[in-house]
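Taken together, the values in this text are just the output of simple stated rules run on the coordinates, not laboratory data. All of these numbers come straight from a predicted model, not from anything done at the bench. All Cβ positions, glycine included, derive from the backbone under ideal geometry; neighbour counts span all protein chains shown.
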Amino acid sequence: MTGQVVLVVGAGLAGLGAAVELVRAGQRVTVVDQTQAAGGAIHRQPLPGRPSIARTAEHRRWQSLMAEVRAAGIEIRTETRFGGIDSTGEVLLTGAAPGFLRPKALVLATGAREAVQPRPGWTLPGVMTVGAIQTYLKTQAAPPLGRIALAGSGPLLLAAAAQLCALGRPPVAVIEAGRPFAHPLAALRLPPGYLAEAAAYMRRLVVARVLILTASHVTRISEDAAGLTVEIERGARRRRLACDLVGLHDGIRPNDAGLPDIAPIPVVRLGDCREALGARAALADGRNGGRRLAAQLSGTLAPALSQELQRQRRAQGLLARIYANDGADRLATLPGDTVLCRCEMRTLDDLRALGPAPTDRMLRLDGRFSMGPCQGRFCAEWVQRLAGRSGPARRIGAARYPAAPITVADLLAAQKSREGESP
């Protein structure tokens, strides 16, 4: 079906919002997503037989969007992964619906990724991202076993903590690097929906008597036979906290690592993949982006940019100031044996051994940074900072095809699909 279909990668709010608007404009659309069900990170669906833990407002938003998707007759291929696009405009899909195809346009709505700042012990078993804990909660409708500590910075810490409380396992502590409660007047300038959501989270945490530490940094995570120990620094004060599981989170970034910068067909990034502004902005950006792409494909006048997107950008900017902290400035004080690149287990000492101002080639080929399966999603930002590079975080090296590691079996299955055979 070369050149006949707009391919949308990502079945979350932005991807499905764009798909609905494209179909309404007369375009044929196929949506692919690597997970078992549509929903993205925000609306991750529970496993079969498990109840949903989504808040009422979230559930209604998702049900309303899915009703539009069904009415539009949009095809969603789940458990199907986008491998990348080459210079001819050919896209590789792997997984449940493998194959090569040349769509007339490509919409990338791959959402956000979590930023996790390196700390001694962050690679230990039992240490994971807060987003991974949320995925567990949403799919299992039950909390992980043991004592859980949440650390880092950002509103997601409070959201995950409140979800744990609702499921009967309050975290032993929320360790926040910023000082969000020290800015009440600034917080009042947030949209009412943000304030209502935050109030609901805090109500659960207060009732459950969860320890909340602000202006506090986790400086080390260690383990022994009894479990994990988190070492916490707040100014000149130090304390230790015992737990079984640690969730880390230091903000979100666009999940655009490995995605193409140029292609022979229109390529549009939407939602958190383009700019990490959260769920409220993702749906608005998806709808607006779908309308603009449809206008581009039909040669008509594109609609104006969404005012909602501008409002959410201002709100997220305000949140960033409220949660501002000196965590990134503390990177240079890390011990030399601290792992920076989890995939290749490369340390700060390995980075320093490359000398001052290492080039991308030196970082990748000599240092092995950003060469593992995550392709720099976890380490590139911190490696760039520690290498003395200023400015916005960027990937190390050029975007590559495929966008993610694939197996030979995936390629064979895709080729068989191209030839009309059963994979």
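For residue 145 and residue 361, a Förster radius of 56 Å and the Cβ-Cβ distance give a FRET efficiency of 0.80, rounded to the nearest 0.05.
With 10 angstrom as the radius, rank 114, 231 by how many other C-beta atoms surround their C-beta, starting from the fewest.
On the way: 114 22, 231 17.
By the 10 Å Cβ count, ascending: 231, 114.
Approximating the spin labels as points 7 Å out from Cα along Cα→Cβ, the residue 182-to-residue 354 distance works out to 3.4 nm. Near residue 314, once Lys and Arg are set to +1 and Asp and Glu to -1 for all other residues with Cβ below 15 Å from its Cβ, the sum equals +2. At an R0 of 30 angstrom, the distance between the Cβ atoms of residue 398 and residue 136 translates into a FRET efficiency of 0.30. Summary of the geometry: region 322-345 and region 189-262, compared by the centres of their Cα atoms, lie 15 Å apart. Principal axis extents of the C-alpha atoms in region 127-250 (largest first, rounded to whole Å): 47, 40, 24.
If each DSSP helix of 4+ residues adds -39,500 (n - 2.57) and the sum is divided by the residues in the chain, what number results at 222 nm, nearest 500 deg cm²/dmol?
Numbers: 11 runs with 131 residues, N = 423.
Computed mean residue ellipticity for the chain: -9500 deg cm²/dmol.
Each Lys or Arg adds one and each Asp or Glu takes one away; over the other residues whose Cβ falls under 10 Å from the Cβ of residue 227, this sums to -2. Between amide H atoms placed 1.01 Å from N, distances below 5 Å from residue 107 occur with 7, 8, 9, 268, all of them 5 or more places distant or on a separate chain. Each 20 Å bin from 0 upward holds the following percent of the Cα-Cα pairs of the chain: 24, 57, 19, 0. Taking the DSSP beta bridges with both ends in the chain, the antiparallel portion is around 50 percent.
Using +1 on the beta carbon of Lys and Arg, -1 on that of Asp and Glu, and nothing else charged, what's the dipole of region 1-153 about the Cα centre, debye to 20? Spell out each step's value before the answer.
Values: 16 positive and 9 negative charges, 77 e Å.
The calculated dipole for region 1-153 is roughly 380 debye.
Length gained on full extension, residue 332 to residue 236, computed as 0.36 nm times the residue gap minus the Cα-Cα distance: 32.7 nm.
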